[in-house]
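Quick notes on the structure that follows.
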Amino acid sequence: MFKIKGFTLVEVLLVIIIIGILAAVVIPRISYSKTTAQAAACNATVSALNAQIELYHVQEGDWPLGISNLTAADYIDATPVCPFNTTYVYNATSHRVAKHSH
């Protein structure tokens, strides 16, 4: 008389397996993309800091003693923080902030 319509257990399990395979492929790629973006942001900040150090030298006639001098003289708004929570180190000899590995 009445035929009950629905999915069989095999069909439901097949869909769950396909979703699991897709998740296994996509999640590592998203994680890798985040790390790559953070490293690029860190390198861009290092380049920007070195540009501000050069600008400080040209306008002030002397090299800054540290990154805090750039903040105090309004060359940067605040002391930047690396996306990986490491600090940027100013080398007073080379007058550069060196790129660091993560």
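Read-outs throughout are calculated quantities, based only on the coordinates presented, and are distinct from any laboratory measurement. Owing to the predicted nature of the structure, the values given are computational and were not obtained by experimental measurement. Backbone-built Cβ (ideal geometry, glycine too); neighbour counts: all protein chains shown.
For Cα pairs less than 8 Å apart in space and 6+ apart in sequence, what is the mean separation divided by the residue count of segment 42-102, i.e. the relative contact order in percent?
Working: 53 pairs, mean separation 20.8, N = 61.
Rounded, it is 34 percent for segment 42-102.
Taking the fewest neighbouring Cβ atoms within 10 Å as the starting point, the ordered list for Thr8, Thr35 is Thr8, Thr35.
Its Kirkwood hydrodynamic radius, worked out from the mean inverse distance over all distinct Cα pairs, puts the chain at 17.6 Å. Across the chain, C-alpha contacts under 8 Å between residues 6 or more apart give a mean separation that, scaled by the residue count, equals a relative contact order of 23 percent.
When the convex hull of its Cα atoms is viewed from all sides, segment 42-102 shows a mean projected area of 3.8 nm².
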